[in-house]
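Here the structure is laid out as structure tokens; the discussion comes afterwards.
The values are calculated or read from the model by the stated rules, or taken from the named source; none is laboratory data. Just so we're clear, the structure is a prediction, and the values are computed from it rather than from any experiment. Cβ sites come from the backbone with ideal geometry, for glycine too, and all protein chains shown count toward neighbours. Protein only, heavy atoms only, side chains kept; ligands, DNA and RNA dropped before computing areas. Shrake-Rupley method; radii C 1.70, N 1.55, O 1.52, S 1.80 Å.
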Amino acid sequence: SEAALTPGIPEDSRKVIPSAKLTPKVELLAFRLGNTAVEGGILYLSTWWRVTGRVNRNVMPAFRLSVEGKTPRRGASWYARHDPGAWTMPLSLLKPGQIIEDKYPARLGGLPPGPCKVYAVVIDTTRIEGSRILGEQHLLGEVELLPRRKK
């Protein structure tokens, strides 16, 4: 998992038009999301972000995964919070206009098989649980979680 400053967005990504301003200064530009994943496995997510101004150190992207209203991690409303690039490129280091690609392996532990909605959010880690999400959630799509094969 690495983050890279990138001059643009690949042709084969799904563009977010218009870009989703998830908070006043953080925009989601595009993403890549598979159609299926295996229960308890890993869902590989690629997202492209841009900032339009200074962002505090405690502001970071996160993903929320939900199957029939069940959310992993003991019911937390956020999931998979991280700084892009395996924690190496916080949004606070980006200059306005720079685009960063973030490849993230989301662990699916605790989610049952079935259609899983995947949302991108931006959170503030200093806020209390329940009010961490800044602005809107953006639905990236739905992934089918396949049952694990029995041994």
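Below, the figures for the structure above:
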| quantity | calculated |
| --- | --- |
| Unit charges at the beta carbon, dipole of the chain: most positive-side option, VAL26, LEU43, PRO7 | LEU43 |
| Neighbourhood charge, 13 Å Cβ-Cβ cut-off, centred on PRO96 and excluding it, Lys, Arg +1 and Asp, Glu -1 | +3 |
| Length added when fully stretched, SER131-VAL38, from 0.36 nm per residue minus Cα-Cα | 30.4 nm |
| Amide H contacts under 5 Å for HIS82, placed H, 5+ residues apart | none |
| Inter-site label distance for ARG107 and LEU93 at 7 Å from Cα along Cβ, in nm | 2.4 |
| Förster radius 30 Å - calculated FRET efficiency between GLU11 and GLU144 (Cβ-Cβ, nearest 0.05) | 0.75 |
| Candidate lysines for bridging to LYS103, where Cα separation is under 26 Å - those fewer than 8 sequence places away on the same chain excluded | LYS15, LYS21, LYS25, LYS70, LYS95, LYS117 |
| The chain, relative contact order in percent, only Cα pairs under 8 angstrom and at least six apart counted | 31 |
| The chain, accessible surface, carbon-and-sulfur percent (1.4 angstrom probe) | 52 |
| The chain - convex hull of the alpha-carbon atoms, volume per residue in Å³ | 110 |
| Extension gain, ASP124 back to ALA4 (0.36 nm per residue minus Cα-Cα distance, nm) | 41.0 nm |
| Net charge dipole size for the chain [Lys, Arg +1 and Asp, Glu -1 on Cβ; Debye, nearest 20] | 400 |
